[in-house]
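The values are calculated or read from the model by the stated rules, or taken from the named source; none is laboratory data. Please read these numbers as outputs of a predicted model, since none were measured by experiment. Counting neighbours? That spans all protein chains shown, and the Cβs are built from the backbone with ideal geometry, glycine included.
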Amino acid sequence: MARVAKSSTVYVGLLRGVNVGGNNKLPMAELRALCEDLGYSNVRTFIQSGNVIFSSSAAPKATAFEAAIKERCAVATDAIFRSASELEAAVKRNPFPVTGDARVHVGFLAENLPADVVSSLDHQRFARDEFVVIGSEVYLSLPSGVGQSKLPPYLVRQLKRSLTLRNWNTVTKLVELASE
């Protein structure tokens with residue numbers, strides 16, 4: 001009897017804080033090779049900030065992935081994964097208008113936030129900057145740009161969880177790449 005192959009799912013891995021300001025240097029060629037050694041297929045990376053797209057018959061485990069990066073590349077990072085369909089759904093849930101020079105970002109969390117944590121966040125503290133938490137994503141509208149905003153560091157401190165931020169163009173490009 002012929003063995004039926006398990007179907008593969010496309011995943012996007014989002015690594016926190018790699019290749020930012022000359023810190024946590026992780027060459028994307030090394031990241032691709034590591035993913036292939038972990039048994040993932042169709043591995044691709046997008047820009048240098050730790051975005052990797054791959055196929056796998058099993059959902060990736062963040063702790064194992066992070067340990068492999070630390071062991072092989074000597075980089076401590078947090079990894080957050082979304083399937084291609086989860087990432088596409090996150091794009092569809094964006095509550096902010098995206099036009100021209102929109103400065104919309106998405107913060108990705110490993111899991112949904114408890115309601116009490118979400119309700120404790122101060123929405124009025126940062127003038128024009130806005131944020132909305134939907135599921136395991138934090139959507140940010142930062143009219144003056146992420147570099148000028150104090151909102152992302154506040155969220156990281158308040159949430160006490162790993163949050164990795166991507167700008168809207170990167171998120172939509174990752175959706176496009178994951179659907180190819």
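When A64 is tested against (1) in contact with a strand residue (DSSP E or B) (Cβ under 9 Å, 6 or more places away or on another chain); (2) modelled with pLDDT of 95 or more, only condition (1) is not met. In region 154-169, the qualifying residues are those that are of a type in the set (S, T, N, Q) and not in a strand (DSSP E or B), and the one that is surrounded by the most Cβ atoms within 10 Å (Cβ to Cβ) is S162. Within region 98-120, the set of residues being under 21 Å from the mean Cα position of the chain (by Cα) and either over 13 Å from W168 (Cα atoms) or assigned by TED's automatic domain parsing to the domain that holds F65 (or both) comprises L109, A110, E111, N112, L113, P114, V117, V118. Among the numbered conditions (1) touching a strand residue (DSSP E or B) at 6+ places or on another chain (Cβ under 7 Å); (2) over 21 Å from P152 (Cβ atoms), the only one that A74 does not meet is (1). What is the number of the single condition among (1) surrounded by 19 or more Cβ atoms within 10 Å (Cβ to Cβ); (2) in contact with a Leu (Cβ under 9 Å, 6 or more places away or on another chain) that C35 does not meet? Condition (2) is where C35 drops out.
The strands (runs of 3 or more DSSP E) falling completely within region 1-74 that include 3 or more residues that are under 21 Å from N167 (Cα atoms) and touching a residue at least 24 places away in the same chain (Cβ under 8 Å) map to 9-15, 51-56. The listed residues are V52, V20, and the only one of them that is within 30 Å of S141 (Cβ to Cβ), buried (at least 20 other Cβ atoms within 10 Å of the Cβ) and outside the structural domain of E137 (by TED's automatic domain parsing) turns out to be V52.
Yes or no: region 109-122 includes at least one residue that is surrounded by fewer than 15 Cβ atoms within 10 Å (Cβ to Cβ), over 21 Å from I47 (Cα atoms), touching a Gly at 6+ places or on another chain (Cβ under 7 Å) and of a type outside the set (A, V, I, L, M). Yes - at least one qualifying residue is present in region 109-122.
Quick check, is V138 farther than 30 Å from D37 by Cα and either among the basic types (K, R) or surrounded by 14 or more Cβ atoms within 10 Å (Cβ to Cβ) (or both)? Here the answer is yes, as V138 does meet what is asked. When you look at R82, is it under 22 Å from V171 (Cβ atoms) and either surrounded by fewer than 19 Cβ atoms within 10 Å (Cβ to Cβ) or at pLDDT below 95 (or both), yes or no? Considered against the rule, which asks whether it is under 22 Å from V171 (Cβ atoms) and either surrounded by fewer than 19 Cβ atoms within 10 Å (Cβ to Cβ) or at pLDDT below 95 (or both), R82 comes out as no.
Here region 38-49 is the region considered, the condition is being among the β-branched types (V, I, T) and surrounded by 14 or more Cβ atoms within 10 Å (Cβ to Cβ), and the residue that is farthest from the chain's Cα centre (by Cα) is V43. Report yes if V104 is over 30 Å from S41 (Cβ atoms), of a type in the set (A, V, I, L, M) and without any contact (Cβ under 8 Å) to a residue 60 or more places away in the chain, otherwise no. Against the criterion (over 30 Å from S41 (Cβ atoms), of a type in the set (A, V, I, L, M) and without any contact (Cβ under 8 Å) to a residue 60 or more places away in the chain), V104 does not qualify.
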